[in-house]
Amino acid sequence: MADFKLNIDQNKFLPTDGREVHAVLTIESSGTVTTDTGPAEAAEIIIIDVSGSMSGSKIRDAREAASAAVQALRDGVHFAVIAGNHEAAVIYPQSGRLVPAHGASRKEALGAIRRLGAGGGTEIGRWLQLAENLFRYHPNAIKHAILMTDGQNNQSADVFARALQACEGRFVCDSLGIGEDWVPAELRKVAEALLGTSAFVRNQGDLAAFFRDLTQQSMGKTVAELALRLWAPQNSRIKFVKQVNPTLVELTGKRTDVNPLTGDYPTGSWGAEERVYHLCVELDQPGQIGNEIRAGWVKLVLPDTQEVFASGNVLAQWTDDLALSTRLNPKVAHYSGQAEMAVLIQEGLSARDAGDLDTATARLARARKIAVESGHGDTARLLDKVVEIDSSGTARLRRQVDKADMIELDTGSVRTSKLRKEEG
């Protein structure tokens, strides 16, 4: 099994009336399998948008991308290819079940991909539900899907939400958007529900490289379906649990109760990587000055076997020393700012689209300030293309903005930067 290290950053000192405890959890996995069982079972599904808007160069690049993913599969990985429009169909294999990757099956899959054409509408929920049905035959595998689209989802919000709920916890899905007619919020919903990422492939010719990279990352996963298990004291409340790096993923609502004081929060599959999580516990009441308590007990567990890979304590101690209780832990402050920046960008762009220019200006200007202060240079440069700040500090929305710039800004809002070492 892979080796894990857990580090907890916090300021445990609370003011005399303090009840809210924050902590940042950094989890590092070596990705090294220490058993002799060989590579973990893996299952991969490639989902290609073949709706009418994909005609021409888009479908050609999509075929090339799907082919790159198939060629990146390691031998023995079970896989399938789905074509999606207003329906969903398994174009390979013909049996409708996943098959192991080897020379012959790859060649057959590439032939099926070359025959893909474009036509019809877009119903992303159908594509995902078909993938979930296929994955059911491999319950113990590390299950991963890649989805790409170029258009808006035509399903109603309720129907799409039900589809995502049916797939939640069943597999991880990374999604990609190309062109300028898709909605970043739609793929963000997929990423949130299925613990994956969403990205904008601005240069359509780069699509194959994205597919190849995502497939190779998936092939590097060695442990499936780990959970953050969080115990908190009686009568306390878990205000939130979220992944804050490399991307923002809200986990609070994904809790599965273990007992009245303990819950599991899913993290998906792991390879050699580092992730950062931010949690906040609201205690029932303040304690006595000088009193130290365990405000949380965190474990990284495999729920099926109850095996624990790492654990640590979140502490709280009350003090009347103002200097101690007001000291901000650098990591907590950094990732709180990153989460705020993401919300500001999304709210600002939505307000701009709705014609609420005052709200849009205020939100985007504030987001730019956080981006600059946190070293998120790419985001700051994109914000400069949307909002202009003059020498006096007055912010104004730019009249002419490239739509691709706004999509890139919106999509990238959930990608966070690490705390610079000099700040830590």
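Which of the numbered conditions does Leu322 fail, given that it passes all the others? Conditions: (1) in contact with a helix residue (DSSP H, G or I) (Cβ under 8 Å, 6 or more places away or on another chain); (2) touching a residue at least 40 places away in the same chain (Cβ under 8 Å).
(1)
On the basis of being open to solvent by less than 50 Å² (accessible area, probe 1.4 Å), modelled with pLDDT of 95 or more, not in a helix (DSSP H, G or I) and not hydroxyl-bearing (Ser, Thr, Tyr), does Gly296 make the cut? Explain how you work it out, then say what you get.
Details: open to solvent by less than 50 Å² (accessible area, probe 1.4 Å): yes; modelled with pLDDT of 95 or more: yes; not in a helix (DSSP H, G or I): yes; not hydroxyl-bearing (Ser, Thr, Tyr): yes.
Against the criterion (open to solvent by less than 50 Å² (accessible area, probe 1.4 Å), modelled with pLDDT of 95 or more, not in a helix (DSSP H, G or I) and not hydroxyl-bearing (Ser, Thr, Tyr)), Gly296 qualifies.
If only one of Asp358, Asp410 is in contact (Cβ under 8 Å) with a residue 40 or more places away in the chain, outside any loop (DSSP other than H, G, I, E, B), open to solvent by 10 Å² or more (accessible area, probe 1.4 Å) and not basic (Lys, Arg), which one is it?
Asp410
Testing Thr252 on (1) in contact (Cβ under 8 Å) with a residue 24 or more places away in the chain; (2) more than 22 Å from Gly31 (Cα to Cα); (3) hydroxyl-bearing (Ser, Thr, Tyr), one condition comes back false. Which one is that?
Thr252 satisfies all of (1) in contact (Cβ under 8 Å) with a residue 24 or more places away in the chain; (2) more than 22 Å from Gly31 (Cα to Cα); (3) hydroxyl-bearing (Ser, Thr, Tyr) except (1).
Pairs please, first residue from segment 17-31 and of a type in the set (A, V, I, L, M), second anywhere and open to solvent by 20 Å² or more (accessible area, probe 1.4 Å) and part of a strand (DSSP E or B), Cβ atoms under 6 Å, 6+ apart in sequence or on different chains.
Matching pairs, first to second residue: Ala23/Ile8; Val24/Asp9; Leu25/Ile8; Ile27/Leu6.
Go through the residues of segment 306-328 one by one and say whether even a single one is crowded, with 20+ Cβ neighbours inside 10 Å and assigned to a helix (DSSP H, G or I).
Taking every residue of segment 306-328 in turn, none turns out to be crowded, with 20+ Cβ neighbours inside 10 Å and assigned to a helix (DSSP H, G or I).
Quick check: anything in segment 245-259 part of a strand (DSSP E or B), within 14 Å of the chain's Cα centre (by Cα), modelled with pLDDT of 95 or more and surrounded by fewer than 15 Cβ atoms within 10 Å (Cβ to Cβ)?
yes
Report the residue count in segment 383-407 for those that are outside any loop (DSSP other than H, G, I, E, B) and either of a type outside the set (A, V, I, L, M, F, W, C) or open to solvent by less than 20 Å² (accessible area, probe 1.4 Å) (or both).
Number satisfying all stated conditions: 9.
Kindly provide the set of residues from segment 92-104 that are surrounded by fewer than 19 Cβ atoms within 10 Å (Cβ to Cβ) and either free of Cβ contacts under 8 Å to residues at least 40 places away in the same chain or closer than 25 Å to Asp181 by Cα (or both), ordered by number.
Pro93, Gln94, Ser95, Gly96, Val99, Pro100, His102, Gly103, Ala104
List every residue pair whose Cβ atoms sit under 8 Å apart, with the two residues 6 or more apart in sequence or on different chains, where the first one lies in segment 53-64 and is over 12 Å from Asp206 (Cα atoms) and hydrophobic (A, V, I, L, M, F, W, C) and the second, anywhere, is surrounded by 14 or more Cβ atoms within 10 Å (Cβ to Cβ) and modelled with pLDDT of 95 or more.
Here the result reads Met54/Ala62; Met54/Ala118; Met54/Asp150; Ile59/Val50; Ile59/Leu116; Ile59/Ala118, each pair linking segment 53-64 to a residue that is surrounded by 14 or more Cβ atoms within 10 Å (Cβ to Cβ) and modelled with pLDDT of 95 or more.
Can you find a residue that is without any contact (Cβ under 8 Å) to a residue 60 or more places away in the chain, hydroxyl-bearing (Ser, Thr, Tyr), open to solvent by less than 30 Å² (accessible area, probe 1.4 Å) and outside any loop (DSSP other than H, G, I, E, B) anywhere in segment 263-275?
Yes.
The values are calculated or read from the model by the stated rules, or taken from the named source; none is laboratory data. Being a predicted model, the structure only gives us computed values, none of them experimental. As a convention, Cβ positions derive from the backbone with ideal geometry for all residues, glycine included, and neighbour counts pool all protein chains shown. Accessible surface is based on the protein model in full, side chains and every heavy atom, while ligands, DNA and RNA are left aside. Shrake-Rupley method; radii C 1.70, N 1.55, O 1.52, S 1.80 Å.
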